[in-house]
Amino acid sequence: MIESQISTNPEQTWRQKAVPLLAVAGAVILGLLLGYFLPAEFNDFPEAWNLHLREPVDAFQDWVIGNRAAHPVFVFFFEPLSDAIDFGLRRMEGFLLALPWPVVVAVFGLIGYRLAGWRVCAWAVAGLMFMGLVGLWAESMQTLALMSVSVLISLSIGIPLGILASRNNTLDATLRPFLDAMQTMPAFVYLIPVLLFFGIARVPSVVATVIYALPPVIRLTSLGIRQVQPEMVEAATSFGSTSRQTLFKVQVPLAMPSIMTGVNQTIMFALGIVIIAALIGAGGLGNVVLKSLQLLKVGQALEAGLAIVFLAIVLDRISEALSKIDFSPIDQPLLPHHEPTNLWESILEKLESASQVAPLALAGFLTAIGKKPDVPSGQAFIRRYGFWINSALLLIFLFILALIPDLYVFPDSWNIRLSVPVDAAVAWMRDNLYRIGDLPIGTGPFSDFVTIWMLDMMRALFRDALPWAGVVLLAGVLGYVAGGWRLALLSALSVFGVGLLGMWEASMDTLSQVLVAVIFSVVIAIPLGILSARSDSFQAFLRPVLDTLQTIPAFVYLVPVIMLFNIGRVPGLIASVLYALPPGIKLTDLGIRQVAAEAVEAAQAFGSTYWQTLIKVQLPLAAPSIMLGVNQVIMTVLSMVIISGLVGGAGLGFEAVAGLARSQTGRGLEAGLAIVLLAMVMDRITQAWAAKS
């Protein structure tokens, strides 16, 4: 079997590779010939076919504005809902800001320690302290309040829906396309209809965040309950449990790891939309990043971006620890027992002997660290509640300490401003790296090369050289080669739909930018992924870099890039590449590492060299994972389309941003739907190719 994996028929392999390539090349050549011989008016999508979707949408917007104060739908539904969300958000924000900062830090540290030990406790304390040290404590609490309310609403909707979907196949099948659309559609598109019904404030930010963060908890709740072993359900039923008892006493507890993973993903999704939500008045850290972007203050944007990163790490580690707790009906200790060193053992023995006459705090301390002191029976509850007793004593002490005026609010004298050295470094790079001496190298020449020889040429190919019918034909051929007639029809109709929306030129501009960014990302990601798979030390070096690139808000990339490359398409391209590299590198690394060791050993036994083994065995067997990485790269780049529109990138991103900024809801909705159609085509084709690899 191993020999069959590493030895193939050369003629059959050539045909398998040549036929799809010839089909695609033929479609491109045919399209170019059509563009050359047909009159110029046939190149552009016919204006007469434009559906003019924006006109009824804009008319509906005018109706909403005129009837918001009197129509029953707004008076009895949207306004009360908006008031309820605003009430909860204000109370949560007021509560967090009213707490003394040492208490907030201690609470997160204690939760981290209780759930996962000292390491997560240290991350929680360090992360929250960083937010205060850079002078962003209030903004961080505002962001945390927005996330808390959004996540609570998402869970209150998502978990019941997930439970219902797990018990009803019809509902599950009905929800699936909606969840697919919610996860595929760029988050920016949610803001357009939300603004229409809720106005501009923090409430629409919460609603948009809920829509964006809802799918993972629904999916994982349904999946977790469906994966409960049927024997467990049958055993509960045989003991006389009703359907509801079986659900809440057997299925839900056993599915809790999957449900809590959904909670973790919901939290991370909610944090991912923080900056985009700031565009419509969310405030908090996202607002700091946006203002820094407008004023080109790189250091200030980096401080806020790192604060978001630390908040993401803290919430991720805590929610991940929650997903690992055993929620099954059998009682389990929350944390595993850790054996201390011999010196520690001797100290604990003395403390245990003293605990017979020790006060509550000492006995509680011993219980919290895993020791059971020999206490009188009247104090038996200390063994169970020792951690909570000590936590309460610590928080009371911190509340008393916070009565000192200088400690209630995070002291300004403790601030460490990273912005000064960062701004100085960026200014130096701007002045010295734009052009290095008299040589044709530097950020300026690189920007000119990418613009003239890549972006402009790719845009000219799709927008000018290929007629619209040729592009539709090419999409259909790619769909057929990847997945057959059904995918071919879906791809062709989706691209045709972009023209019906009146967004053909903008879509071809965006498509050219996406393809160039994907080429850059793949050329960088696959070699780095191969190196990472072949070297554990290089993988360890890359891991924190990739985690930072994946966690830091994409907006933060734009600020230094703009300073180095000026406004235009190139900053958006570079930011897209940086944001898309992590999934490409990680999935290439994973695919190569998962190649069976026996296949590699067999190739080496047949005399294959290092490079022959890599090219002829490991890369072909890792192709599904690598193609999945390419799929994720494409989707990540597409998610940056809107952000690129904020810094001068043309195409659909500019159309969506202009529609939002000028209250042209129809224009923004047309651009958003065009982005969704392009994303769907590219996602389905690359997924089908990954499945065939």
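For beta carbons closer than 8 Å, sequence separation of 6+ or different chains, a first residue in segment 486-515 that is on the phi > 0 side of the Ramachandran plot and a second that is part of a helix (DSSP H, G or I) and crowded, with 24+ Cβ neighbours inside 10 Å, the qualifying pairs are Gly502/Glu670. For segment 257-271, the set of residues classified as surrounded by fewer than 20 Cβ atoms within 10 Å (Cβ to Cβ) and either over 21 Å from Val217 (Cα atoms) or not polar (S, T, N, Q) (or both) consists of Pro257, Met268, listed by residue number.
Of the residues screened, Val681 is not one that is among the hydrophobic types (A, V, I, L, M, F, W, C), more than 19 Å from the chain's Cα centre (by Cα) and either assigned to a loop (DSSP other than H, G, I, E, B) or surrounded by fewer than 20 Cβ atoms within 10 Å (Cβ to Cβ) (or both).
The residues listed here are Val577, Val522; of these, the one that is crowded, with 24+ Cβ neighbours inside 10 Å, at pLDDT 85 or above and within 30 Å of Val298 (Cα to Cα) is Val577.
Here the condition is being part of a loop (DSSP other than H, G, I, E, B), touching a Leu at 6+ places or on another chain (Cβ under 8 Å) and modelled with pLDDT of 50 or more; of Ile318, Ile325, Ile308, it holds for Ile325 alone. Once segment 106-141 is narrowed to residues that are part of a helix (DSSP H, G or I) and among the β-branched types (Val, Ile, Thr), the residue that is farthest from Ile400 (Cα to Cα) is Val120.
When Pro177, Pro193 are checked against the criterion of being of a type outside the set (D, E, K, R), free of Cβ contacts under 8 Å to residues at least 12 places away in the same chain and surrounded by fewer than 21 Cβ atoms within 10 Å (Cβ to Cβ), a single residue qualifies: Pro177.
Can we say Arg430 is under 32 Å from the mean Cα position of the chain (by Cα), surrounded by 13 or more Cβ atoms within 10 Å (Cβ to Cβ) and of a type outside the set (Phe, Trp, Tyr)? It is true that Arg430 is under 32 Å from the mean Cα position of the chain (by Cα), surrounded by 13 or more Cβ atoms within 10 Å (Cβ to Cβ) and of a type outside the set (Phe, Trp, Tyr). Counting only helices (runs of 4 or more DSSP H) that sit completely within segment 465-553, those holding 3 or more residues that are outside the structural domain of Ile452 (by TED's automatic domain parsing) correspond to 468-483, 485-500.
Yes or no, residue by residue, for (1) surrounded by 16 or more Cβ atoms within 10 Å (Cβ to Cβ); (2) of a type in the set (Phe, Trp, Tyr):
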{"site": "Asp62", "(1), (2)": "no, no"}
{"site": "Phe76", "(1), (2)": "no, yes"}
{"site": "Ser82", "(1), (2)": "yes, no"}
{"site": "Ile85", "(1), (2)": "yes, no"}
{"site": "Glu93", "(1), (2)": "yes, no"}
{"site": "Leu110", "(1), (2)": "yes, no"}
{"site": "Arg114", "(1), (2)": "yes, no"}
{"site": "Gly117", "(1), (2)": "no, no"}
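The values are calculated or read from the model by the stated rules, or taken from the named source; none is laboratory data. Source: prediction; values computed, not measured. Because the Cβ atoms are built from the backbone with ideal geometry, glycine has one as well, and the counts that use them run over all protein chains shown.
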